[in-house]
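Encoded as structure tokens, the structure appears first; notes follow it.
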Amino acid sequence: AKLGDNSWAEEHKDRKAAEEKQRLLELLKEKDDRIAQLSREKAELETALAESERILKQTNEQLQASQSSRRESPAVPSFAEFTLEELQEATHTFDTSSQIGKGGFGAVYKGKIRHTTVAIKKLNSDSIQGATEFQQE
């Protein structure tokens, strides 16, 4: 009986060893597959990073060129001038239906000039505000 028990124990041990070996081989394959996937993702990220750096460099060069040309060109006013006729047309001759607010120096109107919606402030020089505030407006 001992011989049979030893034989069964050996078979059981061999079967467990084979199962463990199979499981380890599967784990190794999963590890290799994951490493391959991570390598592909790394390559994609490196490509995206290189493209981002290229775009950033190009943008910085364009910005520097723009700043350089601005320094070389004469100063351009940062405002637009409109004729009284344009202002009157945009506000329907400063009609109250176009008025959107009222401040210390006068009413504010909504209008459209040169295809752009604008707010137009009609200043009142008789306001009780001081000259400094009038100039700021």
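Data table
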{"quantity": "Distance (nanometres) between label positions extended 7 Å along Cα→Cβ at ASP14 and THR83", "calculated": "10.7 nm"}
{"quantity": "Gain on full stretching of the segment that runs from ARG114 to LYS57 - 0.36 nm per residue minus C-alpha separation", "calculated": "16.9 nm"}
{"quantity": "Segment 1-71, dipole about Cα centre (Lys/Arg Cβ +1, Asp/Glu Cβ -1), debye to the nearest 20", "calculated": "440 debye"}
{"quantity": "Rounded to whole Hz, the Karplus (6.51, -1.76, 1.60) HN-Hα couplings of segment 57-62, x for glycine and proline", "calculated": "4, 4, 5, 5, 5, 5"}
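Only the coordinates and a few stated rules stand behind these numbers; no lab work does. Nothing here was measured: the structure is a model prediction, and the numbers come from that model. When we count neighbours, we look across all protein chains shown, and the Cβ atoms used for this are built from the backbone with ideal geometry, even at glycine.
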